[in-house]
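These notes concern the structure reproduced below.
Every read-out reported here was derived from the displayed coordinates using simple, explicitly stated rules and does not represent laboratory data. Values in this document were obtained by computation on a predicted structure and should not be read as measured data. Glycine gets a Cβ as well: all are built from the backbone with ideal geometry, and neighbour counts include every protein chain shown.
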Amino acid sequence: MTRRFLQRSVLLLVAVAALPALSRAQVEFEFSGYVVDLPTYQRMPDIAQFFASAPGTGYDRDMAMNLMRLRLRPTVRLWEGASFSLEHEVDFTAATQNLLFGAVPDMTNRQLFDLRWHPVEKEHVWMQHYVDRLYFRQNLNWGSIIAGRQRISWGTGRIWNPTDLFNPINPASFDKIEKDGADAISVKYYIGSFTDLHLVYNPRRARLQADGAPDAPDSSNFGARFRTNVEEFDLSLMGGWFDRRVTVGGDFAGNLFDAGVRGEVVHVLDDNESEESGYTRFILGVDYQLTGRLYGVVEYLHNGEGQSDAGRYDVARLFLGEILNVGRDYLYIGGNYLLHPLVNGSFGATANLGDGSGFVMAAATWSSSDDTSLSAGALLPFGASLDEYWYYPSSLYLKGELYF
């Protein structure tokens, strides 16, 4: 009831604010998008042997798959400073066998409305379409207001973003281009040059109790981020209520001599109700343009929520997309090398410093024009049984992109 009242109140406020401007509005329409084709060969991890040996499964460790993705991005500019944007994606996937761990969940834990549909779900063939962005934006003299499914970009890390608690993405996911949108109302207030305050409310449905009792307390998220600049450094402080726990943190980014340095930290306080202890997650990174062609980056992640014992990894939450890493300490080393004015090579290695597992990723991209590109790449995990990256498949892929 409270959520319905809030939704109607927001719609009424927007309508009342729009009335004076609609009479003199000059509507403009913009349209863009892209098409991606991603054929992939995957060799499933050793865990697939269990399915291959089960009677009647016919499961094979070697799998070929093709993902075609169409993203449409219309924007309507209503009046001065006001716009309505939509990003609608259609995905078609065909594979030689069913996916080992099933399809991606319909909604992320930052989305209130189910805006994903599956018109085709046949054996080895899936089609889905969904709304990834759908928001109204009003720019004002003092800041901006955005309501709807949107991207809220917090943090400074190149690989991991501990303070990005609204739109996280797995660094090992080579098929993602955009982060999933969050259903939210956000207000940004400009205090001065390079200084602002960002307030975000992310409504969520209350959870059912495990014993069937009435709903648990509202699990909506609230966050605030203050950002400013001191000489050559951007500095931020953030805090809020995320996943029913108090969270505080901050980030920085700047230059140290000729290198770029950055860092983020969040601390999640103890949960007295569930007796879950608090933890800290932080990153430290440095990047440097080594030569005119070679760029390098190193980043370290400490994940206080993770486990140092592989036998205690929360793999279930990892596959559900609720967490991005199960271990405690990670290191990434990578970069880009300009092979040719039209060809760029990228490479990187990520390692779980606790269990010794990780993955190597490499790709070469040919930009045949301003609107098209063709890539070839590989993701090769390594590690012993039950280590974190033992669960990931080895992948070889091609990717063609056309923007319009």
Next on the checklist: If I model a spin label as a point 7 Å beyond the Cα along the Cα-Cβ vector, how far apart are those points for F222 and F92 in nm?
Outcome noted: 4.7 nm
Item to check | Order by protection proxy (mean Cβ within 10 Å, highest first), peptides 150-162, 132-144 | outcome: 150-162, 132-144
Next on the checklist: Can you give the FRET efficiency to the nearest 0.05 for K122 and E322, using r as the Cβ-Cβ distance and R₀ = 22 Å?
Outcome noted: 0.15
Checklist entry - Which of the peptides 369-381, 348-360 is most tightly packed, and how do the rest follow, going by the mean number of other Cβ atoms within 10 Å of each residue? => result 348-360, 369-381
Checklist outcome for this item: Contour minus Cα-Cα span, L70 to Q26, at 0.36 nm per residue, comes to 12.9 nm
Item to check | Candidate lysines for bridging to K179, where Cα separation is under 24 Å - those fewer than 8 sequence places away on the same chain excluded | outcome: K188, K399
Checklist entry - Contour minus end-to-end for S144 and L386, with contour as 0.36 nm per residue of separation and end-to-end as the Cα-Cα distance? => result 82.4 nm
Next on the checklist: What distance in nm lies between label points placed 7 Å from Cα along the C-beta direction at F257 and S308?
Outcome noted: 3.3 nm
Item to check | Cα-based shape type of the range 109-167, given that a ≥ b ≥ c are square roots of the gyration tensor eigenvalues and the cut on a/c is 1.5 | outcome: oblate
Item to check | Spacing of the two label points (7 Å from each Cα toward its C-beta) at S367 and D60, in nm | outcome: 3.9 nm
